[in-house]
Amino acid sequence: MGHIQLLCDIAELNHLFHDSISVESFMQETVEMAARHLDADVCSIYTYDDADRLLMLRATRGLSIHAIGDVCMRLGEGLTGKALEARRCMRVEHASEHPQYKYFAGINEEPFESFMAVPIVRGVTRIGVLVLQRRAQRPFTDEDELACKAVASQLANIIENARFLMTRDLTPTCKPPATIGPELRFIKGKTASAGFAHAAARVVDTHRRFGDLLQTAFEPGLSVMDLDAALAATAEQLQQLQEQVEEKLSDAASLIFASHLLILKDKKFIGPMKQLIAEGIPAPRAVLKIAKEYIDAFAATADEYFREKVQDVEDLAVRIVGNLIGHVEELADYHDCIVVARELFPSDLLRMSSENVRGIVLVSGGVTSHLSILARSLQIPMVITNQPALMDMGDNAEILIDADAGNVYVDPTPEIVSRFEERNRAQAAVRASKGGVKPRTLTRDGTEIRLMANINLLSDIAVAQEANCSGVGLYRTEFPFIIRNDFPSEQEQYVSYRRLVEGMAGKPVTFRTLDIGGDKVLSYYQNAREQNPGMGMRSIRFSLENKDVFTKQIRAILRAGAGADIRIMFPMISSVEDFGQARAVVHECAERLAACGVEHNPAPQIGMMVELPSVVSLIDAFATEVDFFSIGTNDFIQFMLGVDRTNEKVERFYIPHHPAVLRGIAGIVAGAARRDKEVSICGDMAQQPAYVPFLIGLGVRTLSMEAAKIPLIQQTVEQIELSQAEALAADVVQQTSAETIGRLLGVDRQKGI
Ligand code: PEP
Ligand code: MG
């Protein structure tokens, strides 16, 4: 059992990774370690290249080292290829007698008959295979398999990050020139994450910093030793950043800087630089030249994954050159400034948050709704504008962002600044005078309304507790998936989920299973491009299609929910069959956990999100199946009205008070009531005061919202007289005009809040 404990511990692999000098040496040390702990005579790693569907031996302990880089097999070929093709472990006692066995001459494999191949996969992406072999008569056990799988799942992330280093294809391309626009002092943008910030601007344009360096003339004089010192300093700085992120956001951290660190270890990256320096090229020029070759190769592909790598290489090259020429202080320091950027990845937001960025202005569309949600969770005010000219503003310009209204002021006048400062003081005073939020929320006539919190990251728990929420009505489990570099393992998910459950101290917690696809992109999940991802292989469809990912998540939820009030709900359910299949997975997982004696919650309530119009007419059929409903109005409106919720061009058609939307919600609430099933609202409508009387009038008694909105909604509920709300709801559902409804609900008056 000892070796399992050891291998399940990621720390040892991480140490190996950080201490090794190249990807190759890391893999070699990993096989040595795994062979030692599992008492195997042979341990090998094969990596898989999807383009030519070939597996190649990359590291081995026990076979001939000449086989490294030489032994290849196709997907499905031999026991190893079969394990990867089927994405399942192959355990065989007499390998050479197995019909699938493939013999390779001259690699000294003959004596090792006990065989175990564990696929290295991330979700559905095939990455490689970890193979262990022993002499005959020493078969592998279930425990060995478990330990080997634990190692393989950790290896997946690291090898996947090294994949692009091993397979790059150097084809240069040109980048378009930067557009220069007029200087602007006031820009009307869109709120992505509310709040206020007033600070110096920091224009984040790695492309330009890198481009500027390319144009710089460097003095000769720096040696290969100076490069080594700069590389070591860069690695040290990245390590520190990694630690900062982990400290602040434990559930989201993962190895954000893994690919940076891997590139730093890559001999093919560093070797040619040293060669150029030895030939007399100034050291910074040598770094930039080689980095440029990588960048051009990555930029030539249309793949999102590689686009992200372009930024990584640029960022890394700028850091190395900064360390070489002593301008480190200029590197990506976001403390107390407002970042102005063209494009950001979720991992950028995490880094910036860990350095206490004050606010963010994104200067061109291209923002997923989840980048905004993440900014809200991180409490970073963020505005999206359509003004690329802001990128030319230069650092240190003073900016004020009023993200509540989506306004950006460049170089604001003293009057504007003092107006905002006054407003902020007044708001702070109101907050202070109100004191804490009451634990129960009652309408004027005493009807209780439960106000629950929507949680995206574990850092939201503190705000939710402060706001005295009645529990978690929606935990968007996809966030740790979106912002990481890989699929989190069952154990990693369990740890996060358990922290949420414990953080809620006995209050109910509703887990929504993975809701990815559409605009919630996993940069590491290479799915076939879809014409219309919003209606593609997403949400529950993704989970049912990728049962291994789904099963791991459900097991983690059930384990984390042991002894607690947890609920599970599925997103984007379109048919009763979808729901039945998803629920069956929960039941199967619970049975397996019980059979293995693993502590878990055997019978959580199982419900569904209502986000698709197809549910409305089938509500009675659904209501006999589910334990509860939660209406996701964000998607419900989008699909009811056929309006992309992230497309500003059609924003005016996205009308929450459209009669079809409100009648749809009324139908769901009534259908749920007929079967005595709870229905809550967890989309943005629940946190907009204008809709609250209508929803309560329909019979909704649970609203789930961003925790920061709970005080406002509590005040709203306390103004409501149930009989009046019921009369209002009855009136509204009779109407056929959005304009009339808008007037009845007072929607216009509250526009923009
Ligand atoms: C919704 O669609 O209303 C919802 C709550 O889910 P998300 O915003 O995460 O898609
Ligand atoms: Mg949704």
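Please find, among 650, 692, 661, the residue that is modelled with pLDDT of 95 or more and away from ligand 1 (no atom under 14 Å from the Cβ). Please lay out each step first, then the result.
Numbers: 650 fails: modelled with pLDDT of 95 or more; 661 fails: away from ligand 1 (no atom under 14 Å from the Cβ).
Of 650, 692, 661, the one residue that is modelled with pLDDT of 95 or more and away from ligand 1 (no atom under 14 Å from the Cβ) is 692.
Just to verify a result, which residue in the stretch 483-517, among those that are hydrophobic (A, V, I, L, M, F, W, C) and over 14 Å from residue 549 (Cα atoms), is nearest to the chain's Cα centre (by Cα)? So that I can check it myself, show each step before the final result.
Here is the first cut: in the stretch 483-517, the ones hydrophobic (A, V, I, L, M, F, W, C) are 483, 487, 495, 500-501, 504-505, 509, 511, 514, 516.
Those still in the list that are over 14 Å from residue 549 (Cα atoms) too: 483, 495, 500-501, 504-505, 509, 511.
Values: 483: 3, 495: 16, 500: 17, 501: 20, 504: 22, 505: 26, 509: 20, 511: 16 Å.
Residue satisfying both the conditions and the ranking: 483.
Out of all the residues in the stretch 632-643, which are away from ligand 2 (no atom under 13 Å from the Cβ) and either within 23 Å of residue 607 (Cβ to Cβ) or in a loop (DSSP other than H, G, I, E, B) (or both)? Spell out how you get there, then give the answer.
First, pick out the residues of the stretch 632-643 that are away from ligand 2 (no atom under 13 Å from the Cβ): 641-643.
Scanning the stretch 632-643 gives 642, 643.
What is the number of the single condition among (1) touching a strand residue (DSSP E or B) at 6+ places or on another chain (Cβ under 8 Å); (2) more than 16 Å from ligand 2 (Cβ to nearest atom); (3) among the polar types (S, T, N, Q); (4) not in a helix (DSSP H, G or I) that residue 734 does not meet?
The number of the failed condition is (1).
Return the pair list, or none, for Cβ contacts closer than 7 Å from residues in the stretch 453-464 that are within 16 Å of ligand 2 (Cβ to nearest atom) to residues that are in a loop (DSSP other than H, G, I, E, B), at least 6 apart or on different chains.
Pairs found: 454/682.
Restrict the check to the stretch 610-621 and report whether at least one residue is among the charged types (D, E, K, R) and within 16 Å of ligand 2 (Cβ to nearest atom). Explain how you work it out, then say what you get.
As a first pass, look at the stretch 610-621 and keep what is among the charged types (D, E, K, R): 611, 620.
Next cut, within 16 Å of ligand 2 (Cβ to nearest atom) only: 611.
Scanning the stretch 610-621, I find at least one residue that is among the charged types (D, E, K, R) and within 16 Å of ligand 2 (Cβ to nearest atom), so the answer is yes.
Mind listing whichever residues of the stretch 471-503 are at pLDDT 90 or above and surrounded by 23 or more Cβ atoms within 10 Å (Cβ to Cβ)?
472, 473, 474, 475, 476, 477, 493, 497, 500, 501, listed by residue number.
Within the stretch 531-544, how many residues turn out to be surrounded by fewer than 21 Cβ atoms within 10 Å (Cβ to Cβ) and either touching a residue at least 12 places away in the same chain (Cβ under 8 Å) or among the aliphatic types (A, V, I, L, M) (or both)?
Keep residues of the stretch 531-544 that are surrounded by fewer than 21 Cβ atoms within 10 Å (Cβ to Cβ), which gives 531-537, 541, 544.
Okay, now just the ones that are also either touching a residue at least 12 places away in the same chain (Cβ under 8 Å) or among the aliphatic types (A, V, I, L, M) (or both), so 533-537, 541, 544.
The total comes to 7.
Determine which single condition residue 634 fails, assuming it passes every other condition in (1) at pLDDT below 95; (2) more than 18 Å from residue 695 (Cα to Cα).
(2)
Any chance you could count how many residues in the stretch 134-156 are in contact with a strand residue (DSSP E or B) (Cβ under 6 Å, 6 or more places away or on another chain) and over 18 Å from residue 88 (Cβ atoms)? Reasoning before the result, please.
Narrowing the stretch 134-156 to residues in contact with a strand residue (DSSP E or B) (Cβ under 6 Å, 6 or more places away or on another chain): 134, 138-140, 148-149, 152, 155-156.
Now narrow it down to the ones that are over 18 Å from residue 88 (Cβ atoms): 134, 138.
Result for the stretch 134-156: 2.
Residue 463 fails exactly one of the following numbered conditions: (1) out of contact with any Pro (no Cβ under 8 Å at 6 or more places or on another chain); (2) modelled with pLDDT of 90 or more; (3) closer than 21 Å to residue 683 by Cβ. What is the number of that condition?
Against the list (1) out of contact with any Pro (no Cβ under 8 Å at 6 or more places or on another chain); (2) modelled with pLDDT of 90 or more; (3) closer than 21 Å to residue 683 by Cβ, residue 463 comes up short only on (2).
Would you pick out the residues in the stretch 655-685 that are part of a helix (DSSP H, G or I), open to solvent by 30 Å² or more (accessible area, probe 1.4 Å) and either within 16 Å of ligand 2 (Cβ to nearest atom) or of a type in the set (Lys, Arg) (or both)? Working first, answer last.
Narrowing the stretch 655-685 to residues part of a helix (DSSP H, G or I): 659-674, 684-685.
The next check asks that each one be open to solvent by 30 Å² or more (accessible area, probe 1.4 Å); those that pass are 660, 663, 670, 673-674, 684.
663, 674, 684, listed by residue number.
Out of all the residues in the stretch 89-110, which are at pLDDT 90 or above and open to solvent by 50 Å² or more (accessible area, probe 1.4 Å)?
Just the residues of the stretch 89-110 that are at pLDDT 90 or above, to begin with: 89-92.
Hit for the stretch 89-110 is 91, nothing else.
Looking at the structure I just gave you, is residue 608 hydrophobic (A, V, I, L, M, F, W, C), out of contact with any strand residue (DSSP E or B) (no Cβ under 7 Å at 6 or more places or on another chain) and within 15 Å of ligand 1 (Cβ to nearest atom)?
On the way: hydrophobic (A, V, I, L, M, F, W, C): yes; out of contact with any strand residue (DSSP E or B) (no Cβ under 7 Å at 6 or more places or on another chain): no; within 15 Å of ligand 1 (Cβ to nearest atom): yes.
It is false that residue 608 is hydrophobic (A, V, I, L, M, F, W, C), out of contact with any strand residue (DSSP E or B) (no Cβ under 7 Å at 6 or more places or on another chain) and within 15 Å of ligand 1 (Cβ to nearest atom).
Any residue at all in the stretch 284-294 that's touching a Pro at 6+ places or on another chain (Cβ under 7 Å), more than 30 Å from residue 496 (Cα to Cα), at pLDDT 75 or above and not in a helix (DSSP H, G or I)?
Filtering the stretch 284-294 down to residues touching a Pro at 6+ places or on another chain (Cβ under 7 Å) leaves 290.
Now restrict to residues that are more than 30 Å from residue 496 (Cα to Cα): 290.
Checking which are at pLDDT 75 or above leaves us with 290.
Those still in the list that are not in a helix (DSSP H, G or I) too: none.
No: the stretch 284-294 contains no residue that is touching a Pro at 6+ places or on another chain (Cβ under 7 Å), more than 30 Å from residue 496 (Cα to Cα), at pLDDT 75 or above and not in a helix (DSSP H, G or I).
Any residue in the stretch 618-628 that is modelled with pLDDT of 95 or more, within 16 Å of ligand 1 (Cβ to nearest atom) and of a type outside the set (A, V, I, L, M)?
Within the stretch 618-628, the first condition is being modelled with pLDDT of 95 or more, and the residues that meet it are 618-628.
Next, from what is left, pick out any that are within 16 Å of ligand 1 (Cβ to nearest atom): 628.
Now restrict to residues that are of a type outside the set (A, V, I, L, M): 628.
The answer is yes, given that some residue of the stretch 618-628 is modelled with pLDDT of 95 or more, within 16 Å of ligand 1 (Cβ to nearest atom) and of a type outside the set (A, V, I, L, M).
For the stretch 445-462, which positions are closer than 12 Å to residue 376 by Cα and open to solvent by 20 Å² or more (accessible area, probe 1.4 Å)?
Taking the stretch 445-462 and keeping what is closer than 12 Å to residue 376 by Cα, we get 454-457, 459-460.
Listed by number, the list holds a single entry, 459.
Might you check whether a residue that is more than 20 Å from residue 481 (Cα to Cα), buried (at least 19 other Cβ atoms within 10 Å of the Cβ), modelled with pLDDT of 80 or more and not assigned by TED's automatic domain parsing to the domain that holds residue 289 occurs anywhere in the stretch 151-172?
Looking for residues that are more than 20 Å from residue 481 (Cα to Cα), buried (at least 19 other Cβ atoms within 10 Å of the Cβ), modelled with pLDDT of 80 or more and not assigned by TED's automatic domain parsing to the domain that holds residue 289, one finds none in the stretch 151-172, hence no.
Could you say whether any residue in the stretch 721-736 is at negative phi and within 32 Å of the chain's Cα centre (by Cα)? Let's see the steps before the verdict.
At the first step, the residues of the stretch 721-736 found to be at negative phi are 721-736.
Narrowing further to those that are within 32 Å of the chain's Cα centre (by Cα): none.
No, the stretch 721-736 contains no residue that is at negative phi and within 32 Å of the chain's Cα centre (by Cα).
The values are calculated or read from the model by the stated rules, or taken from the named source; none is laboratory data. Everything numeric in this text was worked out from a predicted model, so none of it was measured. All Cβ positions, glycine included, derive from the backbone under ideal geometry; neighbour counts span all protein chains shown. Side chains included, ligands, DNA and RNA excluded: accessible areas come from the protein's heavy atoms. Shrake-Rupley method; radii C 1.70, N 1.55, O 1.52, S 1.80 Å.
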